[in-house]
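One structure is given below, encoded as structure tokens.
Throughout, read-outs are computed from the coordinates displayed, never taken from laboratory work. Treat the numbers as computed from the prediction; the structure is a model and nothing was measured. Heads up, the Cβs are rebuilt from the backbone with ideal geometry, glycines too, and the neighbour counts pull from every protein chain shown.
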Amino acid sequence: MELKTVEEIKAAIEEAVPGASVKLMPNASPSGQHSLLLGPEHAVQVAEFLRDDEELALDFLSNVTGVDWLDKEIAEKVKVTRQVSKPVEGGEPGQVQIVEETVEETRKLMQPGYLEMVYHLFSMAKKHGPVVLRMRTENRTDKVELPSFTPVWRSAEFQEREVFDLFGVVFKGHPDLRRILMWDEFKDHPMRRDYVEPDDFEYEPTAHDEVLKRTQEHRSREQGTGTRN
Amino acid sequence: MAVDENLKIELGKQGVFVTTIQELYNWGRRSSVWPMQFGLACCAIEMIATTMARYDLARFGAEVFRPSPRQADMMIISGTVTKKMAPQVVRLYNQMAEPRYVIAMGACAISGGPFKQGYNVLKGIDRYIPVDVHIPGCPPRPEALLQAFITLQKKIDAQPLTGEGRPRHLDPDAPGEFPVPKQGEHDLEPAANKGVWTVPTIIQ
């Protein structure tokens, strides 16, 4: 049987889980793989519904991915009407009148960054999929909590640990949230866009581009201090 | 110290065999180098192939892969050394008894290889432990590992028992233990053991 369209799934979720926030995220590319943006409050109920619903039966969570979106500056053109005083034509010097004038102004808005999760669901029983879910954290720094899907799909356990390790998303309800690839003492999140790599560029025999720059920085610093770091 | 080669051959023709303790000792050492049974990544598959019948590392006396560092003479670093794994590799090396030798096998083990610019791969195990033979390749063919092993045997053969260049177990001042790097908050600390590795000079 054919899988429901994303719109139908959205409607089914909204009917089954009252109050759940589901937003359709269209995908303009030829693949047309539209996704559903879930609000974190009801996400676990939505996940349980998707798994247990007889028609959908999405029993397999295949893939858990993280995406890091940095703070973005958006330039927006707005028409502004304001009052300007102008000298009256042919009048006495110093005489002014108030004229309304419409100008285009560019306003800059800061769209705060966030961490986004992408889930790919399949159904083994019905042999259909994928259904793509997304969730977003409030920001990239302190409000990085999202509900864990591990109680719903066990296959999320290691993948959520990996996202926690590399992106720093904290999953509430995860049974064993530890780093999985990096060591426990490690403090950074290497897959974040603003991650600063460790400085071990002292020996680069075939350095070029970015690496060449770093090697040169490293070398000039060594010459400056007389010590080798 | 060494017997003149021509004299040795002449004497051999007369049925008199001459040797030195050093030659005998090194012949014994190089003919039974037992590797440690431990593989890190895909190079280990080539290492396994080298021990199998087609390439047969046993011809050189190195077929007994030991599962314990206490019984091993040689460590083949076969694969990518991640920064998470590096302390364990150094610790295993520390647990081996002297005389011990290291072959760094493949691009990753000698330099970080394709993962060199990553955040989590050590840029060559020679930053922490002394390496005797480096093999380039990704992965090196079994023949390359055999070549490396023969090179190591030649190196063992050439080691004098006294004076400069003697094996470490005969030198009371030689370092026996190499500091295990700590896994710090951002990187391994220190980033290299300066007693073992210094930054090579790049001639431009």
Check each of the trypsin sites (Lys or Arg not before Pro) in the stretch B:81-186 and keep only those in coil by DSSP with at most 14 other C-beta atoms within 10 angstrom; list them in order. none
Cα-based Rg/(2.2 N^0.38 Å) for the stretch A:31-159, rounded to two decimals, is 1.88
Label the stretch B:133-204 by shape, choosing from rounded, prolate and oblate, from the square roots a ≥ b ≥ c of the eigenvalues of the Cα gyration tensor; if a/c is under 1.5 it is rounded, and otherwise prolate applies when a/b is larger than b/c, oblate when it is not. oblate
Among the GluC sites (Glu not before Pro) within the stretch B:114-178, which fall in a DSSP loop and have no more than 10 other Cβ atoms within 10 Å of their own Cβ? B:164, B:177
Expressed in Å to one decimal, the Kirkwood Rh of the stretch B:12-90 from all distinct alpha-carbon pairs is 14.7
Measuring from label point to label point, each 7 Å out along Cα→Cβ, what is the residue B:6 to residue B:34 span in nm? 4.4
Using the beta-carbon distance between residue B:147 and residue A:107 and R0 = 60 Å, what value does 1/(1 + (r/R0)^6) give for FRET efficiency, to the nearest 0.05? 0.30
GNM on chain B, Cα springs under 10 Å; top mean-square fluctuation among B:191, B:86, B:44 goes to B:191
Given trypsin sites (Lys or Arg not before Pro), DSSP loops and at most 16 other Cβ atoms within 10 Å, the longest exposed-site-free stretch of chain A is A:5-125
Rounded, prolate or oblate: which fits the stretch A:1-62, taking a ≥ b ≥ c as square roots of the Cα gyration tensor eigenvalues, rounded meaning a/c under 1.5, else prolate when a/b beats b/c? oblate
At R0 = 41 Å, FRET efficiency that the Cβ-Cβ distance of residue A:124 and residue B:91 yields, to 0.05: 0.40
Counting alpha carbon pairs within less than 8 Å and at least 6 residues apart, what relative contact order, in whole percent, applies to the stretch B:1-134? 20
Classify chain A as rounded, prolate or oblate, taking a ≥ b ≥ c as the square roots of the eigenvalues of its Cα gyration tensor: rounded when a/c is under 1.5, otherwise prolate if a/b is larger than b/c and oblate if not. oblate
Inter-centroid distance (Cα atoms) of the stretch A:26-96 relative to the stretch B:103-161, Å: 52
Only residues of the stretch B:130-162 count here: report those whose backbone N is under 20 Å from the spot 7 Å along Cα→Cβ of residue B:22, or say none. B:151-162
If contacts are Cα pairs under 8 angstrom and at least 6 residues apart, what is the relative contact order of chain A in percent? 16
Between B:170, B:11, B:40, where does the largest GNM mean-square fluctuation fall for chain B, given springs only between Cα atoms within less than 10 Å? B:11
Separation of the residue B:53 and residue A:155 label points, Cα + 7 Å toward Cβ, nm: 4.0
Positive end of the charge dipole of the protein assembly as shown (Lys, Arg +1 and Asp, Glu -1 on Cβ, about the Cα centre): tell me which of A:137, A:113, B:146 has its Cα farthest that way. B:146
About the Cα centre of chain B, what is the dipole size in debye to 20, counting +1 per Lys and Arg Cβ and -1 per Asp and Glu Cβ, all else neutral? 460
Can you list, bin by bin at 10 Å, the percent of alpha carbon pairs in the stretch B:5-171, starting at 0? 10, 36, 31, 15, 6, 2, 0
Per the 1/(1 + (r/R0)^6) rule, R0 = 51 Å and r from the Cβ atoms of residue A:81 and residue A:170, FRET efficiency to 0.05 is 0.60
If one builds a Gaussian network model of chain B from Cα atoms under 10 Å apart, the most fluctuating residue listed among B:18, B:64, B:180 is B:18
Using C-alpha positions alone, give me the convex hull volume of the protein assembly as shown per residue in cubic angstrom. 285
Each label sits 7 Å from Cα toward the beta-carbon; between residue A:139 and residue A:184 the label points are separated, in nm, by 3.0
